[in-house]
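The values are calculated or read from the model by the stated rules, or taken from the named source; none is laboratory data. Bear in mind the structure is a predicted one, so any value in this text is a computation, not a measurement. Glycine gets a Cβ as well: all are built from the backbone with ideal geometry, and neighbour counts include every protein chain shown. With ligands, DNA and RNA removed, areas are computed over all heavy atoms of the protein, side chains included. Shrake-Rupley method; radii C 1.70, N 1.55, O 1.52, S 1.80 Å.
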Amino acid sequence: MRERKFLSGNHAVAYAVKYIQPEVIAAYPITPQSSIVEKISQFVANREVDADFIRVESEHAALSACYGAACAGCRVFTATSSQGLAYMAEMLPYVSGSRFPMVMPVVNRSMAAPWTIWGDQQDAISQRDTGWIQLFVENAQEAFDTCLQAYRLAEDPAVLTPVMVNLDGFVLSHTEELVDLPAPEEVQAFLPPYQAKYAVDFTNPTTFCFGATPEVFAEYKYHQQAAMEAARQKITDLAVEFEQLFGRNHGGLIKEYSCEDADYILVTLGSFTGTARTAAQKLRAMGKKVGVLKVRSFRPFPAHEVARVLANTKAFGVLDRNYSYGNEGALFTEIKASLYDCAVRPPGLNFIGGLGGRDIRLDEFEAMFTKLEQAAGEPGTVKAVNFIGLR
Amino acid sequence: MTVALPSAPHLPNPNRPITTGSWRTFRPVLDHEKCNLCLLCWVYCADGAMKRSEEAVMVDLEFCKGCGICAKECHKDAIDMVEEG
Ligand code: SF4
Ligand code: SF4
């Protein structure tokens, strides 16, 4: 039976785990992630989730334990945030390089120093090149739905790559909204039990993750990139299949909002997409041709899709809740690169905002669109970084 | 390359195309007269290069990287590390 519950983003993730039924969960608490694994440990204690819950001494150990369990052929789950993700950094490419499917929600939080528990996306962006698929969600419902999709994606034989499901700290993790929960049998049809392709088997001994010499190392990296390419189509297909079964589509690699005829488009990642859309809606009502492009998949990066949407704009803006120090916002760099092959490249502006939990108000989004109007007609891409609401 | 590589770095045993024998500078040479088949060398060899049977232990030179642990651990002084020619 389908039901509807009032859930925080974190509890939406925990409920998703109830449907997913991983066999091993290993996690270490960290704000703002903690309430995910707290809720899950309650489910495990109540036998609503039939998993071994390993209470580890660190995030490095959490991902290592998941790695070991994945080696044994189990479906595994962990979740983290910020400094915890950084502490896992060594294990991230171990998991992706070993091609163990795994799903890890990352509740995005800033990186110290200065120390803070508030949100931005510096943590996940800093781990961009660890070989994990990185999806970003904009609300609790999408967090729930994306966790289900992420397991299908990660476990696909052509993909076999771990997935980070990123949800913004506090804005999503600690605010509640109505979340539609499917019937368990619907999810069982969408996500069948996991059959590991590589697993410990005493009758067929295997050497796991052997030390590679220069003769073979590059080939494994080539396979990893091929898997990322396969994931592109899979992410798009899963969004369609999910919509057919559950009636919701949060986008595949991207999600457009009134982009079709838009002269000015703002590109977003994560929860601020909602506010950007409200601003666009308001400006549309005033006759302005504006749109919002949500990037849902940061890795694999949807370069072709982005180019298609932005190529005919008069100007585009990119909102980054991160900074690649010494350059600009990481998303801006990638969006610009996507437009390299366009005959005429529209001018672009980079907006940096929402760092360390700072809010971005509706009027500030409207001001971004005004800035885009002013940038129209400038030749090529304007390298201009604008800090939103800087004091 | 003796076998096609799978897409992940996990290989079925014993078809390991990656060998470590070429790393060796010193080769363990066994004196079967002294050896009492205690299997300490088999236990300690970090490469699984020491092979055991009912009659004797044998070094798999495709994998032995010449670390000398076996010679150090052997209580019977039955293993000599001899420089490769
Ligand atoms: S020298 Fe080292 S690698 Fe070779 S058999 Fe002895 S312990 Fe094993
Ligand atoms: S440790 Fe020495 S005595 Fe024991 S089995 Fe090995 S070679 Fe023989």
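Quick one: which strands (runs of 3 or more DSSP E) sit completely within segment B:18-61 and have at least 2 residues that are within 14 Å of chain A (Cβ to nearest Cβ) and more than 9 Å from ligand 1 (Cβ to nearest atom)? Qualifying strands (runs of 3 or more DSSP E): none found.
Among the residues of segment B:66-85, those identified as open to solvent by less than 60 Å² (accessible area, probe 1.4 Å) and either within 14 Å of another protein chain (Cβ to nearest Cβ) or near ligand 1 (Cβ under 6 Å from one of its atoms) (or both) are B:Gly66, B:Gly68, B:Cys70. Can you find a residue in segment A:290-298 that is surrounded by fewer than 23 Cβ atoms within 10 Å (Cβ to Cβ), in the same structural domain as A:Phe369 (by TED's automatic domain parsing) and not polar (S, T, N, Q)? Checking segment A:290-298: not a single residue is surrounded by fewer than 23 Cβ atoms within 10 Å (Cβ to Cβ), in the same structural domain as A:Phe369 (by TED's automatic domain parsing) and not polar (S, T, N, Q).
Residue by residue through segment A:82-108, note down the ones that are under 21 Å from A:Gly354 (Cβ atoms) and in contact with a Pro (Cβ under 6 Å, 6 or more places away or on another chain). Hit for segment A:82-108 is A:Val107, nothing else. Out of all the residues in segment B:41-77, which are more than 13 Å from ligand 2 (Cβ to nearest atom) and among the charged types (D, E, K, R)? The answer is B:Asp47, B:Asp60, B:Glu62, B:Lys65. Residue pairs whose Cβ atoms lie under 7 Å apart, separated by 6 or more positions or on different chains, with the first residue in segment A:286-305 and without any contact (Cβ under 8 Å) to a residue 40 or more places away in the chain and the second among the charged types (D, E, K, R) and not in a strand (DSSP E or B), are A:Lys289/A:Asp261; A:Lys289/A:Asp263; A:Val292/A:Arg277; A:Phe301/A:Glu334. Of all the criteria given as (1) within 14 Å of another protein chain (Cβ to nearest Cβ); (2) within 16 Å of ligand 2 (Cβ to nearest atom), the one not satisfied by B:Pro6 is (2). For segment A:69-81, the count of residues that are of a type in the set (A, V, I, L, M, F, W, C) and within 23 Å of A:Gly357 (Cβ to Cβ) is at least one. Within this structure, B:Ile79 fails the test of being of a type in the set (Val, Ile, Thr) and under 24 Å from A:Gly97 (Cα atoms). Listed residues A:Ile36, A:Ile30, A:Ile54, A:Ile20; which is of a type in the set (Val, Ile, Thr) and open to solvent by 30 Å² or more (accessible area, probe 1.4 Å)? Only one candidate passes the filter, namely A:Ile54.
In segment A:341-387, what count of residues is obtained for those that are open to solvent by 30 Å² or more (accessible area, probe 1.4 Å), at pLDDT below 95 and in a loop (DSSP other than H, G, I, E, B)? Summing the residues that are open to solvent by 30 Å² or more (accessible area, probe 1.4 Å), at pLDDT below 95 and in a loop (DSSP other than H, G, I, E, B) in segment A:341-387 gives 12. Just wondering, is there one or more residues in segment A:101-112 that are within 14 Å of chain B (Cβ to nearest Cβ) and crowded, with 24+ Cβ neighbours inside 10 Å? Looking for residues that are within 14 Å of chain B (Cβ to nearest Cβ) and crowded, with 24+ Cβ neighbours inside 10 Å, one finds at least one in segment A:101-112, hence yes. Residues satisfying the criterion are absent from segment B:17-29 (criterion: more than 30 Å from A:Val216 (Cβ to Cβ) and near ligand 2 (Cβ under 10 Å from one of its atoms)).
Looking only at residues that are small (Gly, Ala, Ser) and crowded, with 20+ Cβ neighbours inside 10 Å in segment A:222-272, which one is nearest to the other protein chains (Cβ to nearest Cβ)? Let's see the steps before the verdict.
From segment A:222-272, those small (Gly, Ala, Ser) are A:226-227, A:230-231, A:239, A:247, A:251-252, A:258, A:262, A:270-271; that's our starting set.
Now narrow it down to the ones that are crowded, with 20+ Cβ neighbours inside 10 Å: A:227, A:231, A:239, A:251-252, A:262, A:270-271.
Working: A:Ala227: 8, A:Ala231: 14, A:Ala239: 25, A:Gly251: 28, A:Gly252: 24, A:Ala262: 41, A:Gly270: 31, A:Ser271: 34 Å.
The qualifying residue nearest to the other protein chains (Cβ to nearest Cβ) is A:Ala227.
Look at segment A:304-340 and say how many of its residues are part of a loop (DSSP other than H, G, I, E, B) and either of a type in the set (Phe, Trp, Tyr) or not assigned by TED's automatic domain parsing to the domain that holds A:Glu260 (or both). Of the residues in that region, 3 qualify.
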